[in-house]
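This report refers to the structure that appears directly beneath it.
The values are calculated or read from the model by the stated rules, or taken from the named source; none is laboratory data. Only a predicted model underlies this, so the values are computations on that prediction, with no experimental measurement involved. When we count neighbours, we look across all protein chains shown, and the Cβ atoms used for this are built from the backbone with ideal geometry, even at glycine. We work out accessible area using only protein heavy atoms, side chains counted, and drop any ligands, DNA or RNA first. Shrake-Rupley method; radii C 1.70, N 1.55, O 1.52, S 1.80 Å.
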Amino acid sequence: MHARVILGKVKHDKQDEAIKIYKESVGPAVKEQKGFQRMHLLTDPDTSKFISITIWETENDMVAGESSGYLQEQLNKISALFVGPPTIQHYIVSD
């Protein structure tokens with residue numbers, strides 16, 4: 001399995017709004033993607049930083065959403081709340 005990790009920060013007064021969009025819009029959309037396994041959102045209320053982790057069956061499934069525009073579409077739902085661009089990283093799930 002493979003993981004896409006997105007690291008970023010939202011405007012301090014927009015944390016609740018960002019979490020709501022993630023749960024109500026991004027979550028349902030990712031569940032429709034081929035190879036999607038599960039997702040986690042970690043947030044730090046003190047610093048407004050977040051970590052989004054999505055787990056994918058294969059690397060091809062994970063990167064397909066990046067090349068198709070799907071990932072950018074999801075990021076655009078929250079981008080007005082970001083403090084700077086997020087960092088996107090790929091990992092192999094080793095457990």
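What about K14, is it in a loop (DSSP other than H, G, I, E, B) and of a type outside the set (S, T, N, Q)?
Judged against the criteria, K14 is not a match.
Tell me, yes or no, whether segment 37-57 has at least one residue that is in a helix (DSSP H, G or I) and open to solvent by 30 Å² or more (accessible area, probe 1.4 Å). Before the answer, list the steps.
Keep residues of segment 37-57 that are in a helix (DSSP H, G or I), which gives none.
No, the conditions are met nowhere in segment 37-57.
Only one residue in I88, I21 is out of contact with any Asp or Glu (no Cβ under 9 Å at 6 or more places or on another chain) and among the hydrophobic types (A, V, I, L, M, F, W, C), so which one is that?
Answer to the selection: I21.
Across segment 71-90, which residue is farthest from D16 (Cα to Cα) among those that are open to solvent by less than 40 Å² (accessible area, probe 1.4 Å) and under 11 Å from the mean Cα position of the chain (by Cα)?
So the residue we want is L71.
Which of the residues that make up segment 1-56 are over 18 Å from Q89 (Cα atoms), among the basic types (K, R) and touching a residue at least 24 places away in the same chain (Cβ under 8 Å)?
Those that are over 18 Å from Q89 (Cα atoms), among the basic types (K, R) and touching a residue at least 24 places away in the same chain (Cβ under 8 Å): K11, K14, K34.
Of all residues in segment 19-66, how many are under 23 Å from F82 (Cβ atoms), over 12 Å from the mean Cα position of the chain (by Cα) and among the small types (G, A, S)?
Counting residues in segment 19-66 that are under 23 Å from F82 (Cβ atoms), over 12 Å from the mean Cα position of the chain (by Cα) and among the small types (G, A, S) gives 1.
All but one of (1) in contact with an Asp or Glu (Cβ under 9 Å, 6 or more places away or on another chain); (2) within 23 Å of H12 (Cβ to Cβ); (3) crowded, with 17+ Cβ neighbours inside 10 Å; (4) not aromatic (F, W, Y) hold for Q33; which doesn't?
Against the list (1) in contact with an Asp or Glu (Cβ under 9 Å, 6 or more places away or on another chain); (2) within 23 Å of H12 (Cβ to Cβ); (3) crowded, with 17+ Cβ neighbours inside 10 Å; (4) not aromatic (F, W, Y), Q33 comes up short only on (2).
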